[in-house]
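First up is the structure itself, then whatever we jot down about it.
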Amino acid sequence: MRKPLYLIILLQFLTYSCGGTKYKCVKLESIEKVSTEILTRSADSIAELRMLAWKEKDEAEKEGLILEINFQNSIYFEQNCNSTSDLESSYHMIGSMLKYDKLRIQIIGNSDSVENKTNSNISRERAEFIQAVFIKNGIKKNRIELIDGKSDRPFGLQTENGNKENRRVDFVYMTE
């Protein structure tokens with residue numbers, strides 16, 4: 001009995017899609033080093049915005065208002081991908097680390113509960129990919145700590161199909 005052609009094509013697509021194999025979705029080699037000027041300018045811009053936000057928060061508190069300020073630093077991934085080309089949100093972090101030698105960072109890889117069942121290493125691989133991007137842009141490896149959060153740190157709902165909010169890498173700044 002002959003197999004239908006569409007079944008063979010589907011199997012080939014599944015074989016070559018983001019299957020959780022290290023750096024399969026976006027090759028690290030395709031990620032270009034960003035100029036130090038762009039990285040540090042991004043860090044300065046974000047620092048300015050944060051200062052303005054804190055100033056507004058202080059003013060609001062004087063008037064009896066409570067403002068919550070959240071500077072969420074996350075990079076999101078497609079399902080079953082351990083790499084991404086959407087790295088602009090990391091520029092200010094890399095720039096800050098280039099400017100301040102005492103600054104260190106934790107990179108926390110996360111996955112959704114669906115992915116974690118099929119590839120328990122995907123969250124670690126995401127953190128490693130982002131670490132490689134930081135290193136490619138001049139940050140020394142000893143200033144980066146990797147944490148494998150797996151699917152234990154859900155940000156959004158845990159659904160049967162998983163969700164993008166849980167397929168992320170988070171960052172925590174530290175000083176030496």
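The values are calculated or read from the model by the stated rules, or taken from the named source; none is laboratory data. All of these numbers come straight from a predicted model, not from anything done at the bench. Cβ sites come from the backbone with ideal geometry, for glycine too, and all protein chains shown count toward neighbours.
Couple of notes before you dig in:
- A residue that is of a type in the set (Ser, Thr, Tyr) and assigned to a loop (DSSP other than H, G, I, E, B) occurs somewhere in the stretch 98-109.
- From Ile130, Ile75, residue being under 11 Å from the mean Cα position of the chain (by Cα), within 21 Å of Val172 (Cβ to Cβ) and part of a strand (DSSP E or B): Ile75
- For the residues Ile139, Ile144, Ile130, the requirement of being out of contact with any strand residue (DSSP E or B) (no Cβ under 7 Å at 6 or more places or on another chain), of a type in the set (Val, Ile, Thr) and modelled with pLDDT of 95 or more singles out Ile139.
- Selection status of Lys3, assigned to a loop (DSSP other than H, G, I, E, B), at pLDDT below 90 and farther than 25 Å from Ala127 by Cα: yes
- Residues (of a type outside the set (D, E, K, R), touching a residue at least 60 places away in the same chain (Cβ under 8 Å) and within 17 Å of Ala47 (Cα to Cα)) located in the stretch 91-144: Met93, Ile94, Ser96, Leu98, Leu103, Ile105
- Selection of the stretch 117-127 for residues being in a helix (DSSP H, G or I) and either within 14 Å of Lys33 (Cα to Cα) or of a type outside the set (Val, Ile, Thr) (or both) yields Lys117, Ser123, Arg124, Glu125, Arg126, Ala127.
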